[in-house]
Amino acid sequence: MPPPSKHEVQVAVEALRTEATVWLHQSDRMETIATKAAGQRMGRLEAGVFQLMVSAYDDTADQITARCREGHQGMTEVADTLRQVADTYEAEEAKNVHRFSNIY
């Protein structure tokens with residue numbers, strides 16, 4: 001199999017960066033959801049006759065908020081990793097590291 005052309009490498013690198021942007025966009029959406037979920041906590045006065053259920057309800061809102069914030073962090077890390085891989089691959093290709101290492 002012949003080594004990829006410069007155009008093929010550029011296409012692959014751009015695909016990685018595009019995918020990183022998608023992950024970052026979804027990460028932002030998770031943070032938005034976390035903020036909305038945190039705002040769903042209910043005070044006893046708001047609960048009215050359902051006051052006995054407030055703590056369970058708030059626990060659920062807290063769990064949703066925490067999981068969304070974890071998702072935000074994880075998705076941001078995936079985006080950062082994809083960009084780092086794209087940068088590394090592009091830099092190595094510019095130096096012909098793959099050809100010299102007989103990777104192709």
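For the chain, the longest principal axis of the alpha carbon atoms and the long axis of helix 6-38 meet at an angle near 10°. Counting only Cβ charges, +1 for Lys and Arg and -1 for Asp and Glu, the dipole size of the chain around its Cα centre is about 80 debye. Summarised in one figure, the compactness ratio Rg/Rh of the chain, Cα atoms and Kirkwood Rh, is 1.35. The orientation-averaged projection of the convex hull spanning the C-alpha atoms of region 1-43 amounts to 3.6 square nanometres.
Only the coordinates and a few stated rules stand behind these numbers; no lab work does. All of these numbers come straight from a predicted model, not from anything done at the bench. In this analysis, Cβ positions are derived from the backbone assuming ideal geometry, glycine residues included, and neighbour counts consider all displayed protein chains.
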